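Asks: Quick one: this structure, given as structure tokens, is what I'll be asking you about.
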Amino acid sequence: MRLRTRCDLMFDIAMPTTFVLMLRPRSGAQQWINREEYNLSPSVPVYEFTDDFGNLCQRLTAPVGIFTIHTSAEVIIADYGDRAPGAPFVDIQSLPDGVFSYLLPSRYCESDRFNQMASEITAGQALGYDQVAAIEDWLRTNIRYVPGSSAVPLSAAEVNTQGFGVCRDFAHLGIALCRGLSIPARMVVGYLYGLKPMDMHAWFEAYVGGRWYAFDATQDTLRGGYMVIGYGHDAANVALYNQFGSEVNSCSQRVSVQLISD
């Protein structure tokens with residue numbers, strides 16, 4: 001399917017402020033960026049770099065006053081969710097070097113606290129993909145998806161105690177449970193066609209059967225329409241923007257995803 005994504009941000013800047021943005025998607029095995037637009041008003045110098053996770057990031061200093069960011073892209077992606085029941089667990093010694101770090105606890109994913117819980121959730125499942133699918137089902141059944149309920153990132157332990165959360169919170173708990181079983185897992189942020197209410201979205205991927213597979217317990221089933229902007233260990237690595245040096249009022253954020261063609 002061909003989608004058009006759009007994100008508009010507006011800030012009220014009290015003093016010159018440095019931003020690091022992560023708003024540009026990349027072409028890859030699962031998506032092809034056919035066209036892209038990126039506008040800043042007022043126009044300022046921008047330095048672009050690729051972070052440690054391969055995400056495209058932009059560093060700039062916003063001037064005093066109203067500062068707006070507009071991004072849009074046309075992307076070609078699969079119209080189905082890629083599933084692989086029975087895909088095997090990958091032994092630790094066989095993991096690619098770039099995947100190994102996704103086994104370790106991180107700021108919002110305290111995986112060293114979830115081994116027993118993960119083992120109980122996945123009891124009787126074949127090692128690998130089927131374990132992750134059981135975790136996804138458990139999240140869907142036991143954690144309530146409440147859009148707008150969390151303004152700041154919560155850790156996996158906090159989400160598990162609270163019992164509800166936003167998409168980011170579901171991803172944190174899913175990642176921690178996977179890592180608790182020595183299955184590499186990473187956070188993904190981007191767009192989802194048909195998401196209600198429409199906003200930026202987060203889900204997680206697990207490394208089984210020699211590749212990454214997507215999982216999203218906030219939706220009834222995995223379908224097509226996911227467009228990736230960034231990957232990371234958890235929400236600390238995939239913020240759409242970070243500002244430094246002063247407090248900034250975020251005036252508005254508007255997100256849309258339109259179907260261009262099937």
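The values are calculated or read from the model by the stated rules, or taken from the named source; none is laboratory data. The shown structure was predicted, so the numbers you read here are calculated from the model rather than taken from an experiment. Every residue, glycine among them, receives a Cβ derived from its backbone with ideal geometry; neighbour counts consider all protein chains shown.
Asks: Considering only the stretch 201-221, state which residues are of a type in the set (A, V, I, L, M, F, W, C) and out of contact with any Phe, Trp or Tyr (no Cβ under 7 Å at 6 or more places or on another chain). Show your work before the answer.
Replies: Initial filter on the stretch 201-221 (of a type in the set (A, V, I, L, M, F, W, C)): 202-204, 206, 208, 212, 214-215, 217.
Hits for the stretch 201-221 are 202, 212.
Asks: For the stretch 140-167, give me each residue that is at pLDDT 95 or above and either part of a loop (DSSP other than H, G, I, E, B) or crowded, with 24+ Cβ neighbours inside 10 Å (or both). Can you show your working first?
Replies: Step one: of the stretch 140-167, the residues at pLDDT 95 or above are 140-146, 154-167.
The answer is 143, 146, 154, 155, 156, 159, 163, 165, 166.
Asks: If you check 83, 107, which single one turns out to be closer than 15 Å to residue 208 by Cβ, among the basic types (Lys, Arg) and surrounded by fewer than 16 Cβ atoms within 10 Å (Cβ to Cβ)? Break it down into steps so the answer makes sense when it comes.
Replies: Details: 107 fails: closer than 15 Å to residue 208 by Cβ.
Result of the check over 83, 107: 83.
Asks: Among the listed residues 180, 209, 190, 230, which satisfies the condition of being touching a Pro at 6+ places or on another chain (Cβ under 8 Å), in the same structural domain as residue 106 (by TED's automatic domain parsing) and under 19 Å from residue 103 (Cα atoms)? Step through it out loud before you land on a result.
Replies: Values: 180 fails: touching a Pro at 6+ places or on another chain (Cβ under 8 Å); 190 fails: under 19 Å from residue 103 (Cα atoms); 230 fails: touching a Pro at 6+ places or on another chain (Cβ under 8 Å).
The unique qualifying residue is 209.
Asks: Residues to consider are 83, 6; find the one that is in contact (Cβ under 8 Å) with a residue 60 or more places away in the chain and within 18 Å of the chain's Cα centre (by Cα).
Replies: Of the residues listed, the single one that is in contact (Cβ under 8 Å) with a residue 60 or more places away in the chain and within 18 Å of the chain's Cα centre (by Cα) is 6.
Asks: Here's a follow-up. Do we find a residue being outside any strand (DSSP E or B) and closer than 11 Å to residue 73 by Cα anywhere in the stretch 38-59? Before you say what the answer is, go through the steps one by one.
Replies: Of the stretch 38-59, the ones outside any strand (DSSP E or B) are 42-45, 51-55.
Filter again for closer than 11 Å to residue 73 by Cα, leaving none.
No, the stretch 38-59 contains no residue that is outside any strand (DSSP E or B) and closer than 11 Å to residue 73 by Cα.
Asks: Which one of the conditions (1) assigned to a helix (DSSP H, G or I); (2) surrounded by fewer than 22 Cβ atoms within 10 Å (Cβ to Cβ); (3) in contact (Cβ under 8 Å) with a residue 24 or more places away in the chain; (4) not aromatic (Phe, Trp, Tyr) does residue 174 fail to meet, given that it meets all the rest?
Replies: (2) is the only condition that residue 174 fails.
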